[in-house]
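What follows is a set of notes on a single structure, which appears directly below.
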Amino acid sequence: MFFIISKILTFLIKPFTWGLLLIAGSFLTKKTNKKKKLWVYGLIILLLFSNIFIFSEVARLWERDRDTFMDEQYDAAIVLGGYASLDENDRVNFHEASGRLWHAIALYKKKKIKKIILTGGSGDLLHANNKEAIFVHKFLTDNNILNEDIIVESQSRNTYENAINSKEILDSLKFQKNILLTSAFHAYRARKCFNKQGSYPDLLTTNYFTKKKRQYNIGTFIMPNVEPLFNWNFLIKEWVGIISYKLSGKI
């Protein structure tokens, strides 16, 4: 039930959804005054959330000081899912968060990690059998990563289950020194989930929304852009996830 509710909330918390519903409401209502207000409110929301400067500054505050990666050797790198899917030809498509996998591969090639733990099943209500860890495992072995160095955990559907199932694997194999790889915006909740289960891996954050140095121009402040409108979805979903995890005792 928690999984299904989270998917419904994912749609409802999108700023684009808010703006679209308000504007749609302006066409549906017959009251002239209310029609104008709904249209204006919808437009304001879309303009605010499509502003690059506003999003960048909020993201910069949220992503700071997340990376505690230690430059040493680890028993395993735990790669959280949510970065890949299968297309209609069963080819792997990698998404915005795939940096967590590429960094794990880089650490493996440098012999900084001994094993790669792929944790993640299907986060899709309609395609429950397309388990991410399984098809990413095949992608890795097809690209010269040794099968014996990959550990697949394909039952998790969210970060909480990632932490539980990964902890079981780490304990069963007696891995002591591990590193957790996830996107910067997701680092706080991921670390809290693992800590709650008694696991304390180092953290390597990837896929930052912002750069170290601010790079703004006049267009940044006044021109709407679809990218921040899309990226707000990640941040708001993450904040809602943190609140729900705290209320339910998952972190």
Which number in (1) touching a residue at least 24 places away in the same chain (Cβ under 8 Å); (2) under 26 Å from N233 (Cα atoms); (3) open to solvent by less than 50 Å² (accessible area, probe 1.4 Å) marks the one condition that E96 misses? (3)
When the residues of the stretch 25-65 are narrowed to those that are β-branched (V, I, T) and open to solvent by less than 90 Å² (accessible area, probe 1.4 Å), which ends up nearest to I13 (Cα to Cα)? I45
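Of all the helices (runs of 4 or more DSSP H) wholly in the stretch 1-119, which have at least 3 residues that are modelled with pLDDT under 95 and not hydroxyl-bearing (S, T, Y)?
Counting at least 3 such residues, we get 2-12, 15-28, 32-49, 52-63.
The values are calculated or read from the model by the stated rules, or taken from the named source; none is laboratory data. Just so it is clear, the model here is predicted, and its values are computed rather than measured. Cβ sites come from the backbone with ideal geometry, for glycine too, and all protein chains shown count toward neighbours. Side chains are part of the model used for accessible areas, which takes the heavy atoms of the whole protein and leaves out ligands, DNA and RNA. Shrake-Rupley method; radii C 1.70, N 1.55, O 1.52, S 1.80 Å.
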